[in-house]
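Okay, structure first, notes after.
The values are calculated or read from the model by the stated rules, or taken from the named source; none is laboratory data. Quantities reported herein were computed from a predicted structural model and do not represent experimental measurements. All Cβ positions, even for glycine, are placed from backbone atoms using ideal geometry, and neighbour counts span all protein chains on display. Just the protein is used for accessible areas: all its heavy atoms, side chains included, with ligands, DNA and RNA removed. Shrake-Rupley method; radii C 1.70, N 1.55, O 1.52, S 1.80 Å.
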Amino acid sequence: MGAVAIVGGGVAGLTAAYRLKQRGVRVVVYEAGERVGGAVRSLRSEGYLAELGPNSMAGPTPALRALLTELGLDASLVPVSPSAKKRYVVRKNRLLPLPLSPQALLTTRLLSNGAKLAVFGESLVEAGDSPVEESIATFVRRRFNQEILDYVANPFVAGIYAGDPEQLSVRHALPRLYGLERTHGSVIKAFGSMMRARKRDADAAGSAAAGGMVSFQHGLQELTDALARELHAEIRLRAPVTQLRSGPKGWTVGAAYQTAELYDAVVYAAPAHCLDEIELEFPAGDRIGTLASIVHPPVGVLVLGFRREDVSHPLDGFGFLVPEIERRHVLGVIFSSSLFPGRAPDGHVTLTAFVGGARNPDLAHADQPTITARVMDDLRTLLGAKGEPTFRAFQLWAKAIPQYDLAYGRFKDIMDDAERQNPGLALAGSYREGVSLGEAIASGEEAAARLAALPAAAGPAGR
C-alpha cells in the first residue's frame with residue numbers, strides 16, 4: 001500500500017492515519033475545519049477543565065491500551081473516582097439512585113412494586129423471534145413493562161444517543177442487550193453473571209484495568225492532540241473533500257482550494273451527514289451517499305462552575321439522567337468534578353449539562369442565555385443550586401450523534417456492500433460500529449488494518 005487519503009480528522013480518522021503511517025504508508029488527512037479532534041474538545045480556563053464533547057471513555061481494551069502506551073499517555077491516564085459509582089435518575093423532582101444489585105432493587109424508591117416484579121419476572125419471558133426490526137422501547141415493554149421503559153431505558157438512551165427509544169433499533173443501537181436475550185434467554189440472568197464477573201475482575205485488577213471509565217489529567221483532548229503531533233505534516237486543515245473517484249490508477253481525492261491527488265486507498269472517517277457534500281464516483285457510491293440521511297439530532301453542552309457551598313446536593317455519583325416523562329429541560333447532568341481530579345478549582349465544582357437531542361432539538365439551537373436559564377431552573381430544583389455560576393462554557397453540536405434507528409440495518413448493509421465492491425475503501429467513525437469514543441477508535445484501527453493488508457493497487461473490485 002503506497003498512499004492513503006484519510007477524509008476527516010476526528011479520533012477515528014487520526015487513529016487510522018497513525019496506524020497506517022506506522023506501517024510505512026504515506027497518509028494525508030483532509031480535515032474540513034480549523035482543528036482536528038472532531039467531537040473531542042477539552043477547554044482549560046479559569047482553573048476549570050471543561051469537556052465540551054465526550055466526558056470519559058470506557059476502560060481501555062488491550063488494543064486501546066497499546067495505542068495509549070505508544071503515544072506516551074499512560075502516565076496521564078486517570079480512572080474515574082470510586083465515589084462516582086452512583087447513577088441517579090430523576091423521579092418527581094428527586095434524584096434517586098439507579099439500583100445496581102438485587103438488594104438495591106428491593107428497596108429502591110425509583111421503581112414501583114409492579115416494576116420490581118417485572119424485573120424479577122423477566123427471566124420467565126420467552127425470547128422474541130420476530131423477523132421484524134424491534135425498537136428499544138418495544139423490546140423493553142415486551143420483556144419488562146412501561147415503567148421500566150420510562151424510568152430506566154428512556155433516560156439511558158438519552159444519555160448515550162440523545163435519542164428516542166421508540167425509534168432506535170435494539171439490535172443495532174444496543175447490540176449487547178439484544179444479544180443477551182438470544183444467548184441467555186434472559187437479560188437479568190445475563191446481567192447477574194456479568195456483574196459478578198466484573199466484580200471479580202475489579203477486585204483483581206483495579207478500576208481502570210477492569211473496564212471502569214477513564215480520562216486524562218488534562219482531558220480527553222490529550223489523546224487527539226497526541227495523535228495530531230505524530231501526524232503533524234500529514235494533516236491538511238480547512239480542506240473539505242469535494243470528490244472521491246475511483247479509477248484504473250487508484251482513487252482521486254478532490255478538496256476545496258487544492259489540486260486533486262491520486263491515492264491507492266481512502267478511509268472515509270468524516271461524519272455520515274457530510275457525504276451529501278461530496279461527489280461519490282465509484283461502485284455503490286450513489287448508495288453510500290444515502291448515509292447522509294442518517295439522523296443526527298442537535299445537542300448543546302453547557303459546562304457550569306459553582307462554589308461548592310452553592311450546590312446543596314453531595315454530588316456523590318456520576319451524575320443524573322432525566323426521563324422524558326419528567327418534562328425537565330436537561331437530558332442529564334454529569335458531576336464532572338466528582339469523576340476526575342483537576343476539573344474545578346479548590347472549593348468549587350463543575351457540572352456538565354446536556355440539552356436538545358431528539359427530545360427537544362429547538363432548545364439546543366436557542367441562544368446561550370436562554371439555555372443557561374433553562375438549565376439553571378433544573379439545577380436549582382434538582383441539585384439545590386443557588387447564586388450565579390462562576391464559570392460557563394458552551395458548545396453546540398448541530399449534528400451530534402448518529403441515530404441507529406429502525407432503518408439502520410439497511411445503512412449497515414450498504415456500507416458492507418460498498419466495502420466489498422471497493423477493496424480500497426474503508427468506512428470508519430461513530431456511524432459505523434458504535435457511537436462511543438472507544439468504538440470510534442476501534443473503527444479507525446480496523447480500517448487501517450484492512451487497508452494495510454491489501455496489495456499496493458486496490459481500487460474497485462475487478463480492477
Limited to region 20-44, what total is found for residues that are open to solvent by 20 Å² or more (accessible area, probe 1.4 Å) and at negative phi?
-> 15
Please state which of the following conditions A209 fails to meet, knowing it meets all the rest: (1) at pLDDT below 95; (2) closer than 18 Å to G434 by Cα; (3) not polar (S, T, N, Q).
-> (2)
In region 345-394, anything under 22 Å from the mean Cα position of the chain (by Cα) and in a loop (DSSP other than H, G, I, E, B) is listed as G357, A358, R359, N360, H365
Please report, ordered by residue number, the helices (runs of 4 or more DSSP H) entirely within region 25-126 with at least 2 residues that are small (G, A, S).
-> 62-70, 113-120
Residue hits (region 374-393; within 21 Å of G159 (Cα to Cα) and open to solvent by less than 50 Å² (accessible area, probe 1.4 Å)) are V375, M376, D378, L379, L382, L383, A393
Which of the residues belonging to region 323-337 are part of a helix (DSSP H, G or I), open to solvent by 30 Å² or more (accessible area, probe 1.4 Å) and not acidic (D, E)?
-> I325, S337
Is it the case that T61 is farther than 22 Å from P323 by Cα, under 22 Å from the mean Cα position of the chain (by Cα), open to solvent by 30 Å² or more (accessible area, probe 1.4 Å) and β-branched (V, I, T)?
-> yes
Residues in region 421-430: is at least one of a type in the set (G, A, S) and within 30 Å of L351 (Cα to Cα)?
-> yes
May I ask you to verify whether G47 is open to solvent by 10 Å² or more (accessible area, probe 1.4 Å), farther than 21 Å from E234 by Cβ and within 18 Å of the chain's Cα centre (by Cα)?
-> no
Scanning region 110-126 for residues that are open to solvent by 50 Å² or more (accessible area, probe 1.4 Å) and modelled with pLDDT of 95 or more gives N113, L117
Are any residues in region 82-96 under 22 Å from the mean Cα position of the chain (by Cα), at pLDDT 95 or above and either over 23 Å from I148 (Cα atoms) or open to solvent by less than 50 Å² (accessible area, probe 1.4 Å) (or both), and if so, which ones?
-> Y88, V89
Starting from region 279-297, keep only residues that are within 18 Å of V241 (Cβ to Cβ), then list their pairs with residues that are β-branched (V, I, T) and open to solvent by less than 20 Å² (accessible area, probe 1.4 Å) whose Cβ atoms are within a distance under 6 Å, requiring at least 6 positions of separation or different chains.
-> L280/I288
Hey, among the residues in region 145-179 that are among the hydrophobic types (A, V, I, L, M, F, W, C) and not in a helix (DSSP H, G or I), which one's surrounded by the most Cβ atoms within 10 Å (Cβ to Cβ)?
-> A162
Complete set of residues in region 1-24 that are outside any loop (DSSP other than H, G, I, E, B) and farther than 19 Å from L71 by Cβ | A3, V4, A5, V7
Output for Cβ contacts, cut-off 8 Å, separation at least six or different chains, first residue in contact (Cβ under 8 Å) with a residue 60 or more places away in the chain in region 126-139, second open to solvent by less than 30 Å² (accessible area, probe 1.4 Å), reads E133/S169; E133/G409; S135/P165; S135/L168; S135/S169; S135/V170
Of the numbered conditions (1) within 19 Å of L244 (Cα to Cα); (2) within 16 Å of the chain's Cα centre (by Cα); (3) not aromatic (F, W, Y), E419 satisfies every one except a single condition; which is it?
-> (2)
